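The structure appears right after this line, and notes come after that.
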Amino acid sequence: MGRLFSIGEVLIDFIPLQKGKALKDVHSFKREPGGAPANVAAAVAKYGAESAMITKLGMDAFSDFLIEELQKVGVKTDKIKRTTEAHAGLAFVSLREDGERDFSFYRNPSADLLLSEDEIEASWFAKGDILHFCSVDLVESPMKKAHEKAIQLVKENGGLISFDPNVRLPLWNSAEECRQTIAAFIPKAHLIKISDEELTFITGITNEQQAIEQLFTGDVKAVICTKGAKGAALYTKHATYESTGFNVEVQDTTGAGDAFIGGFLYKLLEKGGNEENLLDILHEHHHEILTFANASGALTTTGQGAISALPSKEEILRFIKTYEK
């Protein structure tokens with residue numbers, strides 16, 4: 001089985017203890033490990049595949065906490081560099097009554113943005129590995145160059161590239177800069193995971209089918225459009241596979257999309273997915289893969305936090321079995 005390498009931010013999510021309040025009105029928070037790439041790495045590790053985090057953290061107490069939390073769920077942390085030049089990033093979250101979120105980020109810069117391309121090593125990667133990344137750490141920084149280097153090396157070694165834009169506009173100088181940067185990285189990926197809202201933002205097209213077609217550029221072979229409780233649709237150039245979601249009692253949607261793609265990538269690793277056989281695997285096993293991914297995302301929303309709320313593989317399989325009766 002190949003390995004997942006997740007590159008990008010690891011940060012502290014401060015989750016409010018009160019729902020239905022604006023961020024300025026929240027009085028107390030619970031500290032949780034987070035950062036979209038880290039959440040995906042944690043899901044893959046928890047479900048039974050090998051995963052590693054590529055990033056940089058500080059020498060501060062929050063950075064120590066993040067490394068310990070990743071190790072608890074089995075994520076390899078030997079590719080995490082440390083620096084005295086910056087601390088771990090922080091994200092304060094407010095939750096509406098329906099579990100949806102607002103964010104306020106503190107990183108100017110955070111340590112992850114200081115990871116340089118010279119710190120990415122070709123010897124890390126092999127055929128059958130998957131590199132997953134998001135857009136938060138694609139702002140102009142050494143980390144952006146590190147992403148480009150890692151993508152190049154994984155491709156040279158026969159690996160698969162997965163990209164979840166995971167749009168967070170408050171972290172960008174402008175919406176247009178965010179859109180253009182995402183558009184520049186989409187062709188570098190083999191697999192794109194995108195939400196229905198992000199699809200419209202990135203393409204400027206409201207018709208889903210037409211918008212999806214715009215994403216098949218460069219090396220893109222498949223696109224997953226997630227729709228929350230309504231499930232997801234998986235697109236290739238010549239086929240569409242629909243899947244339904246699961247109804248659960250939502251507590252916190254933080255990390256739900258990451259749990260979805262983590263479940264999806266775990267299943268690809270389990271089945272030996274790579275660039276050459278990706279389309280064959282998706283055609284043959286799309287129902288199983290999408291069902292597992294949907295259940296992973298749904299169950300994560302029933303707890304608080306991202307990594308802390310991840311279900312086990314056994315819990316997912318029991319949930320699916322119960323639901324399908």
- Note on the structure: Log entry, pairs with first residue in the stretch 272-301 being without any contact (Cβ under 8 Å) to a residue 60 or more places away in the chain and open to solvent by less than 10 Å² (accessible area, probe 1.4 Å), second being part of a helix (DSSP H, G or I) and of a type in the set (Lys, Arg), beta carbons closer than 6 Å, six or more apart or on different chains, reads Ile289/Lys267; Phe292/Lys267
- Task: Could you check the stretch 7-101 for strands (runs of 3 or more DSSP E) lying wholly inside it with 3 or more residues that are surrounded by 17 or more Cβ atoms within 10 Å (Cβ to Cβ), hydrophobic (A, V, I, L, M, F, W, C) and in contact (Cβ under 8 Å) with a residue 40 or more places away in the chain?
- Result: 11-16, 51-58, 89-95
- Query: In the stretch 259-271, is there at least one residue being open to solvent by 20 Å² or more (accessible area, probe 1.4 Å), at pLDDT 90 or above and either in contact with a Leu (Cβ under 8 Å, 6 or more places away or on another chain) or in a loop (DSSP other than H, G, I, E, B) (or both)?
  - Reply: yes
- Would you check if Thr302 is polar (S, T, N, Q), more than 17 Å from the chain's Cα centre (by Cα) and part of a helix (DSSP H, G or I)? no
- Message: Kindly evaluate Ile307 against the criterion of being under 27 Å from Gln71 (Cα atoms), among the β-branched types (Val, Ile, Thr), open to solvent by less than 50 Å² (accessible area, probe 1.4 Å) and outside any helix (DSSP H, G or I).
- Response: yes
- Right, Leu153: at pLDDT 95 or above and either more than 22 Å from Ala259 (Cβ to Cβ) or in contact with an Asp or Glu (Cβ under 6 Å, 6 or more places away or on another chain) (or both) or not? yes
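The values are calculated or read from the model by the stated rules, or taken from the named source; none is laboratory data. Predicted model only: the values in this text are computed from it and were never measured. Ideal geometry is used to build each Cβ from the backbone, glycine not excepted, and the neighbour counts take in all protein chains shown. Just so you know, the surface numbers come from the protein's heavy atoms only, side chains and all, with ligands and any DNA or RNA stripped out. Shrake-Rupley method; radii C 1.70, N 1.55, O 1.52, S 1.80 Å.
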